[in-house]
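The values are calculated or read from the model by the stated rules, or taken from the named source; none is laboratory data. Computed from a prediction, not measured in an experiment: that's the story for all the values here. Positions of Cβ are generated from backbone atoms using ideal geometry, with glycine treated the same way; all protein chains shown enter the neighbour counts. In case anyone asks, the SASA skips ligands and DNA or RNA and just uses the protein heavy atoms, side chains included. Shrake-Rupley method; radii C 1.70, N 1.55, O 1.52, S 1.80 Å.
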Protein chains: 2
Amino acid sequence: MDKGKDVTIYDLAEKLNISVATVSRALKDDPVVSKKTKKKIFELAEEMGYRSNNFARNLRTQRTNTIGAILPRLNSYFMSTVIAGIEHVANSQGYNLIISQSSESGEKEQQCARTMFNNRVDGLLVSLAYDTDTIRHFDSFLKKDIPVLFFDRCAEHDQITSVLIDNRKAAYEATKHLIAQGCRRIVHITAHTSRNVYTERLAGYRQALEENQLPFDGSLIIRNNLSQEAGYEAAKDILAMPRLPDGVFVANDNCAVSCMLALKKQGVSIPADMAFVGFNNDPVSMVIEPNLTTINYPGYEMGEVAARYLISHLMGGAPMTATNTVLLRSELIIRDSSLRNP
Amino acid sequence: MDKGKDVTIYDLAEKLNISVATVSRALKDDPVVSKKTKKKIFELAEEMGYRSNNFARNLRTQRTNTIGAILPRLNSYFMSTVIAGIEHVANSQGYNLIISQSSESGEKEQQCARTMFNNRVDGLLVSLAYDTDTIRHFDSFLKKDIPVLFFDRCAEHDQITSVLIDNRKAAYEATKHLIAQGCRRIVHITAHTSRNVYTERLAGYRQALEENQLPFDGSLIIRNNLSQEAGYEAAKDILAMPRLPDGVFVANDNCAVSCMLALKKQGVSIPADMAFVGFNNDPVSMVIEPNLTTINYPGYEMGEVAARYLISHLMGGAPMTATNTVLLRSELIIRDSSLRNP
DNA sequence: TTGTATGCGTTATCAA
DNA sequence: TTGATAACGCATACAA
């Protein structure tokens with residue numbers, strides 16, 4: 001048990017008086033090596049505390065066994081849940097995971113991509129930043145046939161598969177539900193961006209209005225960054241409206257919750273005066289009173305699916321280009337914040 | 001712009017009719033290379049889309065420029081905040097971050113450690129799992145002088161520095177506050193483990209009782225896994241007590257919040273009947289009504305400090321063995337859940 | 001200031 | 001079934 005130096009296959013080979021080639025093969029569990037030698041080698045490796053050198057292997061094989069993930073932020077409930085799912089799959093498949101966050105900045109996202117590229121990840125999982133307006137920074141990957149996969153915050157690209165839910169449909173269901181509860185003037189709070197998830201949700205909202213012969217009123221759309229603080233601001237905006245709305249559909253639970261709190265403080269009764277629906281099924285939706293009706297967004301599953309998909313491709317499975325989009329199931333969870341006739 | 005093949009320093013050298021050694025040195029910005037040649041090399045590198053091969057370099061230098069992080073779980077508010085802090089520092093210092101989760105299992109933690117070891121991380125950040133009872137799985141790192149650093153969930157070890165808050169003191173303050181609010185029978189909900197953070201909090205709780213001549217009553221200690229579900233169960237336990245408590249100090253906001261919800265549903269008035277204090281300053285503490293008094297636990301800062309500490313050591317800074325413990329400031333945030341005489 | 005030559009630990013291609 | 005050996009791309013000791 002030497003302290004400083006690492007044990008290599010040369011050490012093993014020398015000690016057993018065989019060639020490094022055989023040792024290498026044995027360690028890979030190559031069936032061509034005889035059981036006997038294999039056993040000898042394994043035992044000695046164990047005894048000498050051998051560990052394979054990944055760099056040398058990577059250098060040789062030109063693969064890293066590492067997948068990269070670029071996320072807009074790490075410290076949100078949804079994203080951390082997704083990461084947990086990704087990590088779980090990656091780890092169980094023997095892949096390493098390297099993670100970085102774009103902090104919702106397109107510029108930072110490009111940096112992250114470059115770093116991932118230089119680290120030669122075998123594949124890349126990405127959820128786009130708020131203000132990413134071009135996805136050319138992934139071209140270098142595609143050019144080298146390194147698969148890239150978007151999840152949640154996606155963009156159209158014919159070489160990149162997207163894993164997401166049907167945001168339009170989910171928003172449609174949410175809005176329809178509010179209408180069914182008697183709402184006629186429904187505010188929609190969404191992000192100030194053209195990121196797919198938000199435009200789709202807006203589209204679903206509009207569709208539900210139209211199908212129910214309700215006019216679309218642009219003054220009922222509030223755009224902000226969907227943070228907690230933004231929720232308080234939104235409440236002010238709502239209270240300042242010449243005619244108060246009777247329903248609010250928010251593209252994010254966090255923002256919905258703080259908005260509800262602010263409105264409640266001003267004497268607004270929920271759901272009687274205003275019914276609320278959020279998005280994500282964040283744990284806070286169960287803490288706010290009344291509990292928030294929301295869209296269940298399976299973050300953990302999304303992480304698992306995305307990672308599994310990427311890895312199975314890396315392991316020589318189905319080509320990615322075949323499928324353009326993988327849609328996960330989501331569902332409306334009805335709670336008290338929107339139930340007017342219980 | 002060849003598609004398949006990577007550009008190497010050999011390509012650059014050949015094209016410029018100089019040696020690879022010079023190219024290598026120039027790319028490292030070695031001052032020994034003349035400005036002129038350096039410029040030529042940089043320009044060509046840019047033009048040909050050269051990117052350095054980290055494996056080759058790592059293989060050569062025996063360093064990876066990567067730090068590993070093992071966390072009990074990724075999908076909790078606190079932990080994801082810590083990760084964000086770690087990632088921020090690592091990234092800005094040019095270090096890669098590889099992450100894995102032990103899922104609160106000591107066994108899985110050992111696996112993670114082994115993987116990190118095989119990936120030859122330059123340093124390791126660890127927050128221990130619930131049921132980790134030995135830390136021998138980090139010996140292999142220490143033997144090779146790979147620095148290991150604990151944060152939040154720590155264990156005593158004379159070669160491992162710990163970054164944490166003064167849990168005992170924080171719990172002491174929390175309990176003292178409840179006593180000052182008139183509480184005399186204070187329940188403490190904590191984890192079913194001997195992990196430092198929980199034993200320390202319990203110790204702080206006891207100390208506050210003793211200093212105020214209140215008897216310690218083991219039947220007032222509720223142990224569970226501090227999850228949301230556990231909070232509901234804890235509420236049942238509390239309501240089943242022969243004599244109801246008048247204060248509750250929970251080692252975790254999430255659990256506190258669900259416990260409060262369950263108690264409220266049963267007609268318990270908070271803080272009048274029972275005052276509540278949580279731990280962590282999780283966002284839900286601001287959503288629950290009344291808002292939860294809690295200990296502010298600076299997760300992001302903790303991540304930053306831990307990462308910075310490790311990296312500065314790696315870059316040849318202060319040796320880690322000098323400092324045993326880095327204590328971060330925490331503070332009691334008083335909100336309505338514990339304020340009896342407003 | 002630049003060049004030569006070697007080793008880092010594996011894997012893969014031959015040949016035996 | 002095994003062995004010898006050439007890459008893989010880079011960094012550095014030594015020489016020039």
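Restricting region A:298-319 to residues that are part of a loop (DSSP other than H, G, I, E, B) and more than 14 Å from chain B (Cβ to nearest Cβ) leaves a set whose member that is surrounded by the most Cβ atoms within 10 Å (Cβ to Cβ) is A:Gly317.
Screening region A:282-297 for residues that are under 15 Å from A:Asp152 (Cα atoms) and in contact (Cβ under 8 Å) with a residue 40 or more places away in the chain and picking the one that is nearest to the other protein chains (Cβ to nearest Cβ) gives A:Tyr297.
Of the residues making up region A:272-288, those that are open to solvent by 10 Å² or more (accessible area, probe 1.4 Å) and under 31 Å from the mean Cα position of the chain (by Cα) are A:Asn280, A:Asn281, A:Asp282, A:Pro283, A:Met286. Within region B:29-48, residues that are free of Cβ contacts under 8 Å to residues at least 12 places away in the same chain sit with their Cβ atoms under 7 Å from residues that are within 15 Å of DNA strand D (Cβ to nearest atom) and among the hydrophobic types (A, V, I, L, M, F, W, C), at 6+ positions apart or across chains, in these pairs: B:Val33/B:Ala26. Looking only at region A:27-52, residues that are under 25 Å from B:Lys144 (Cβ atoms) and within 11 Å of DNA strand D (Cβ to nearest atom) come to 1 in all. Screening B:Leu239 against (1) touching a strand residue (DSSP E or B) at 6+ places or on another chain (Cβ under 8 Å); (2) closer than 28 Å to A:Glu289 by Cβ leaves a single unmet condition, (1).
Inspection of region B:111-124 identifies no residue that is within 19 Å of B:Glu200 (Cα to Cα), more than 14 Å from every other protein chain (Cβ to nearest Cβ) and open to solvent by less than 10 Å² (accessible area, probe 1.4 Å).
Scanning region B:1-33 for residues that are among the small types (Gly, Ala, Ser) and touching a Ser or Thr at 6+ places or on another chain (Cβ under 9 Å) yields B:Ala13, B:Ala26. Touching a strand residue (DSSP E or B) at 6+ places or on another chain (Cβ under 8 Å), within 16 Å of DNA strand D (Cβ to nearest atom) and polar (S, T, N, Q): is that true of B:Asn58 in this structure? No, not satisfied. Note on region B:1-79: enclosed helices (runs of 4 or more DSSP H) holding 2 or more residues that are under 32 Å from the mean Cα position of the chain (by Cα) are B:54-61. Just one of the listed residues (A:Asn65, A:Asn91) is more than 7 Å from chain B (Cβ to nearest Cβ), touching a strand residue (DSSP E or B) at 6+ places or on another chain (Cβ under 8 Å) and either open to solvent by 30 Å² or more (accessible area, probe 1.4 Å) or without any contact (Cβ under 8 Å) to a residue 12 or more places away in the chain (or both), namely A:Asn65. Do we find a residue being surrounded by fewer than 20 Cβ atoms within 10 Å (Cβ to Cβ), in a loop (DSSP other than H, G, I, E, B) and at pLDDT below 90 anywhere in region B:96-103? No, there is no match, as no residue in region B:96-103 is surrounded by fewer than 20 Cβ atoms within 10 Å (Cβ to Cβ), in a loop (DSSP other than H, G, I, E, B) and at pLDDT below 90.
When B:Asp131 is tested against the conditions (1) at the interface with chain A (Cβ under 9 Å from one of its Cβ atoms); (2) more than 27 Å from A:Ser52 (Cα to Cα); (3) not small (Gly, Ala, Ser), the lone failure is (1). The set of residues in region B:49-62 that are within 16 Å of DNA strand C (Cβ to nearest atom), among the hydroxyl-bearing types (Ser, Thr, Tyr) and more than 8 Å from every other protein chain (Cβ to nearest Cβ) contains only B:Thr61. Would you check if B:Phe78 is aromatic (Phe, Trp, Tyr) and either open to solvent by 30 Å² or more (accessible area, probe 1.4 Å) or more than 9 Å from every other protein chain (Cβ to nearest Cβ) (or both)? Yes: the conditions hold for B:Phe78.
None of A:Ile67, A:Ile41 is within 12 Å of DNA strand C (Cβ to nearest atom) and at pLDDT 90 or above except A:Ile41.
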